[in-house]
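The values are calculated or read from the model by the stated rules, or taken from the named source; none is laboratory data. The shown structure was predicted, so the numbers you read here are calculated from the model rather than taken from an experiment. Cβ placement follows ideal geometry from the backbone for every residue including glycine, while neighbour counts extend to all protein chains displayed.
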Amino acid sequence: MNTQSNTVPESPIESQVITPAPMSPTRPLYWSVWRELWENRSIYIVPLIVAAVQVFGFAISTIGLADRRRAVLLLDPAHQRAAIEQPYDLAAMMMIFIVFIVGVFYCLDALHSERRDRSILFWKSLPVSDLTTVLSKATIPLVVLPLIAFVITVCVQLIMVLETSVVLIFHGMSPATTWAHVPFFQSWLVLLYGLVAIALWHAPIYGWLLLVSGWARRATFLWAVLPLIAIQIFEKITFNTSHFASMLTHRLMGFAPHAFGFHGQGHPTIDSLSQLTPGRYLSTPGLWIGLVVAAAFLAAAVRLRRYRGPI
């Protein structure tokens, strides 16, 4: 005799195997960079303040702009472009200088502050390696600050164009004279390229500052600067030479002749994209030597963070 099974047949829906959705992998470097932005608001607040000052200052300078523009349009085309483009170039150069200063002071405080306020004990308890932490801090001056400088500069220049257009229209002039003499899209491409070139060239500077930040117990700025001054003094007294000072100067400002093809030393201007020389820049030995030195500084900073405790 066949007995009827008491098992209830599964419905088609119940018979389907429900597999959990795969979890997205943790991105420690990504979130570590965001942590730096959350904890160090000066990274973007200082450039924004400078941008506001630039916009306000340019608004004041538009007084009498119409008369100056009429006088400029009487010049030859080369001088017209130089005169009209000058305030926009100055805004970009000022922003580049400001983000470099912000990057210097950020690096000096990046590893020192977490030891000073003892928050390093908490961060070390998280599953984030010392390498990831140091790389996230190096990402700020090498990647984040150049991007911030580019975006803010573009916005500032657009606001300046708007202010100029309003003043010219009010005085019965065409605002097209600005767009005709200032190739903004080309200038923005040159700016982005220049920011990348500067960041790579200054990599050993930021690496040295991070190393000092992880080593010094106090007065990080003095510990970063005094050894460099002492080496220059020692070289001058001992050998009566200044090769180390020349090397530092070249590291600060020597990227431009390699990254751009200027029309002679007396004409450091960029008129066309053909003056961008990335091939020559990437083949410069000084660039790669600097990157190797920066990598050595960062490796030493990682080791210091691994064994250094709170101050």
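Mind listing just one residue for me: the one in region 142-197 that is buried (at least 17 other Cβ atoms within 10 Å of the Cβ) and of a type in the set (S, T, N, Q) and, of those, farthest from the chain's Cα centre (by Cα)?
Filtering region 142-197 for residues that are buried (at least 17 other Cβ atoms within 10 Å of the Cβ) and of a type in the set (S, T, N, Q), the one farthest from the chain's Cα centre (by Cα) comes out as Thr177.
Which residues, counting only those in region 261-276, are free of Cβ contacts under 8 Å to residues at least 60 places away in the same chain and either of a type outside the set (Ser, Thr, Tyr) or crowded, with 18+ Cβ neighbours inside 10 Å (or both)?
Gly261, Phe262, His263, Gly264, Gln265, Gly266, His267, Pro268, Asp271, Gln275
Condition check: modelled with pLDDT of 90 or more and within 20 Å of Tyr30 (Cα to Cα). Does Leu131 satisfy that? Even if it seems obvious, please write down each step before you answer.
Numbers: modelled with pLDDT of 90 or more: yes; within 20 Å of Tyr30 (Cα to Cα): yes.
Yes, satisfied.
Applying the selection to region 115-135, what residues are assigned to a helix (DSSP H, G or I) and among the basic types (Lys, Arg)? First the steps, then the outcome.
The first filter runs over region 115-135 and keeps only residues assigned to a helix (DSSP H, G or I), leaving 115-116, 120-124, 130-135.
Result: Arg115, Arg116, Lys124.
When the residues of region 263-277 are narrowed to those that are part of a loop (DSSP other than H, G, I, E, B) and modelled with pLDDT of 75 or more, which ends up nearest to Gln86 (Cα to Cα)?
Ile270
If only one of Ala78, Ala110, Ala91, Ala51 is without any contact (Cβ under 8 Å) to a residue 12 or more places away in the chain and either among the hydrophobic types (A, V, I, L, M, F, W, C) or not in a helix (DSSP H, G or I) (or both), which one is it?
Ala78
So if I check each of Tyr30, Tyr44, which one is of a type outside the set (D, E, K, R), crowded, with 16+ Cβ neighbours inside 10 Å and assigned to a helix (DSSP H, G or I)?
Tyr44
Just need a number here: residues in region 54-75 that are part of a helix (DSSP H, G or I), in contact (Cβ under 8 Å) with a residue 40 or more places away in the chain and among the polar types (S, T, N, Q). Spell out the reasoning first.
Keep residues of region 54-75 that are part of a helix (DSSP H, G or I), which gives 54-61, 65-72.
If we keep only those that are in contact (Cβ under 8 Å) with a residue 40 or more places away in the chain too, we end up with 54-55, 58-59, 65-66, 69-70.
After this cut, where a residue has to be among the polar types (S, T, N, Q) as well, the list is 54.
The qualifying residues number 1.
Among the residues of region 191-243, which ones are among the small types (Gly, Ala, Ser) and out of contact with any Cys (no Cβ under 7 Å at 6 or more places or on another chain)?
Looking only at region 191-243, we keep the residues that are among the small types (Gly, Ala, Ser), and these are 194, 197, 199, 203, 207, 213-214, 216, 219, 224, 230, 242.
Matches in region 191-243: Gly194, Ala197, Ala199, Ala203, Gly207, Gly214, Ala216, Ala219, Ala224, Ala230, Ser242.
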